[in-house]
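Peer 1: Got a structure for you, written out below as structure tokens; questions coming shortly.
The values are calculated or read from the model by the stated rules, or taken from the named source; none is laboratory data. Keep in mind the model is a prediction, meaning the values are calculated, not measured. No Cβ is skipped: glycine too gets one built from the backbone with ideal geometry, and neighbour counts run over all protein chains shown.
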């Protein structure tokens, strides 16, 4: 399958998951009166729309991985367009199936008028919506804008995650995870020295020696007083057996179990084809 055909297939899959997400959200809204995608924290964080955006764009990730398609800017535009459409499609489904006194709303109100009424009468529910919530009035349009933004961010995040995955350009397929190796050190200085030696070997193309040096450094088990960790992630292409190596040095924040990357210690390398990590230098 050519690249253009894959791109179309991924967009179609994203459209399918978008439609399914809209149907589920509209069904919940119509049957329970609760808008899952409208849930927010402190009014300004559209958590429900963000998660709904993830679900709607899941087809992008699933189809992209299955077809080994590396996303492009064209796909991003498509995903963002579908993300924006999600908000309006959910509201259209609500509009199409809503009845008042046995009559379909669509028979006497246009969709644009319905949407304007719905946004103007949007309410903010706090602690179980006692008393029907707080009417937002014109601020309903602001809430709707935040929801659309949430859908955008959710869709863009799925696209971004797919784009960040390691990819073998020679074989046009994603690398598969092989192993993650972490070596722990009591002091950052010792970790930085060992990590620097590994980086020098990798930059010199001595990949087997670099893997052996990393495996021999530090400790394999983390102790409470350890303050640094050198991490090596190894991915491989199932077709050509090329390896992708990513290394980073992390330092633990004082008194916390929070690890952060040390600046200028993260790097990525690719070996040639038919590279076998088990053949490490002795």
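Peer 1: Considering each of 40, 52, 35 in turn, give the residue that is surrounded by 22 or more Cβ atoms within 10 Å (Cβ to Cβ) and either out of contact with any strand residue (DSSP E or B) (no Cβ under 7 Å at 6 or more places or on another chain) or in contact (Cβ under 8 Å) with a residue 12 or more places away in the chain (or both).
Peer 2: Only one candidate passes the filter, namely 52.
Peer 1: Output the residues belonging to the range 65-75 that are in a helix (DSSP H, G or I), in contact with a helix residue (DSSP H, G or I) (Cβ under 7 Å, 6 or more places away or on another chain) and under 15 Å from residue 165 (Cβ atoms).
Peer 2: Residues satisfying the conditions are 67, 75.
Peer 1: Name the residue, out of 215, 191, that is assigned by TED's automatic domain parsing to the domain that holds residue 262, assigned to a helix (DSSP H, G or I), out of contact with any helix residue (DSSP H, G or I) (no Cβ under 6 Å at 6 or more places or on another chain) and surrounded by 18 or more Cβ atoms within 10 Å (Cβ to Cβ).
Peer 2: On inspection, the qualifying residue turns out to be 191.
Peer 1: Now, a different point. Between 255, 205, which is in a loop (DSSP other than H, G, I, E, B), at pLDDT 90 or above and in the same structural domain as residue 190 (by TED's automatic domain parsing)?
Peer 2: Working: 255 fails: at pLDDT 90 or above.
On inspection, the qualifying residue turns out to be 205.
Peer 1: Would you please list the contacts, defined by Cβ atoms under 7 Å and residues six or more apart or on different chains, that run from a residue in the range 58-87 that is under 21 Å from residue 20 (Cβ atoms) to a residue that is not in a helix (DSSP H, G or I)?
Peer 2: Cβ pairs passing all conditions: 64/71; 65/174; 67/1; 79/57; 83/57.
Peer 1: Would you mind stating whether residue 118 is under 27 Å from the mean Cα position of the chain (by Cα), at pLDDT below 80 and assigned to a helix (DSSP H, G or I)?
Peer 2: So residue 118 does not fit the description; no.
Peer 1: On to the next question. Which residue out of 178, 231 is within 20 Å of residue 264 (Cβ to Cβ) and assigned to a strand (DSSP E or B)?
Peer 2: Of 178, 231, the one residue that is within 20 Å of residue 264 (Cβ to Cβ) and assigned to a strand (DSSP E or B) is 231.
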